[in-house]
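Every read-out reported here was derived from the displayed coordinates using simple, explicitly stated rules and does not represent laboratory data. Since we're looking at a predicted model, the values are computed, not measured. In this analysis, Cβ positions are derived from the backbone assuming ideal geometry, glycine residues included, and neighbour counts consider all displayed protein chains.
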Amino acid sequence: TTAIEELDLHACRDGDDWRFRGVYPHGKLNARCRFVIDASGPTSPLVPLLGLDDETDRLRTQSHALFAHFHDVLPWEDVLDELEIPRTEYPFCADRAALHHLLDEGWMWQLRFADGLLSAGFVLDGIPANRGDQSADAIWRTLLDRYPSIARQFANARLAASTPRLTQIGRLQRCLSAAAGDNWALLPFTCGFVDPLHSTGIAHTLSAIERLMPALLGEVDRCGTLAEYGRDIPEEIRWVDQLVALCQQTRRVPRLFNLATMVYFAAATTYEQERLTGESFPRFLACGDATRSIAREIESIASRSLQQLSNGSESRSPDDGDGDNILNLAEQEIAATLAPINHVGLCDPLARNMYRQTEADKMS
């Protein structure tokens, strides 16, 4: 396998084949193939030739992003120590995980590499309107000013050479109508994208490759497998959208948000079990009628609870227990609804939202 970077590539059909021509800093590329797998993402040279419908409007999530790589960002656990916030119950080091900060405007990701380099970005609600003269730097500074603990992390931060300036992206969400045909297949990131909230990108790609390879190696019916794959990938993108939208809906009520994340973890661990025990590779995150129905029912419970909390917010006194009663009932109902796909002890009040292990049992 040869990786070619900074390639300006053009594709065309040649009978039943594909032809590619491109230039890059050190040479030219001319290639011909019978089958192509496109992992190029939203800048694909192939997609414009396929006549696919843009089905982004079917996605409910609406968010945009601002991000870069940084050096010298103070670890979050150091900030907690400075604030004398105990972390003895943490099941692992927060800075060695995908660290997410929930904000009024959206959320922030922090991904720290072994050498200390940090990928950090804000995912903000909505589709950005014309911001006029407001630069990416100004937006970043405004957000840090609103959150002193995050500002403390970035007090001495400097942009990495790999990203010398902040990158600002409009709406993140996109989805095409199909992911495969007779002589082509799109990996998930080329077919569509929702949001990085659940870090589904790499796992979805690997899941897709597992399902494509048997068809390309002649181990299964190629036409049937490609047709199924072509339908499944867009449906799985919409499933991720449903999971993210539920979290987006509940983000400002922490107890409901915690329950919303349990739907994702239940789907992920159910998928793991299906993959380990099944004869064929399952759809990503156990995507199917049963899991999606459970998620819709939980979404209905969350919507009702949010409405009840909103209706009583003006008349309720600070000592009124109605809010707790609403959330207690929601927790009970959501736990019961999730039970058919909860194989790893999620929604456990004794865990206090600190789960040391949620992976599926590899021996089952």
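Protection proxy ranking of 202-208, 179-185, 241-247, by the mean of other Cβ atoms within 10 Å over each peptide's residues and highest first, is 241-247, 179-185, 202-208.
Looking at region 64-159, the trypsin sites (Lys or Arg not before Pro) that sit in a DSSP loop and have at most 13 other Cβ atoms within 10 Å of their own Cβ are 87, 131.
The slack between residue 31 and residue 160, meaning 0.36 nm per residue of separation minus the straight C-alpha distance, is 42.9 nm.
A protection proxy built from the mean count of other Cβ atoms within 10 Å ranks the segments 17-23, 122-128, most packed first, as 122-128, 17-23. Most simply put, the chain has about 95% antiparallel DSSP beta bridges, counting only bridges with both residues inside it.
Of the peptides 226-233, 341-348, the order by per-residue mean of other Cβ atoms within 10 Å, starting with the highest, comes out as 226-233, 341-348.
Each of 295, 281, 326 was placed along the dipole of region 256-335 (beta-carbon charges, centred on the mean Cα), and the one lying farthest toward the positive end is 281.
Where only DSSP H runs of four or more residues are counted, the chain gives -12500 deg cm²/dmol as its mean residue ellipticity at 222 nm, each run worth -39500 (n - 2.57). Checking the a/c ratio against 1.5 first, then a/b against b/c, what shape does the Cα gyration tensor give for the chain? Oblate, since a/c reaches 1.5 and b/c is not below a/b.
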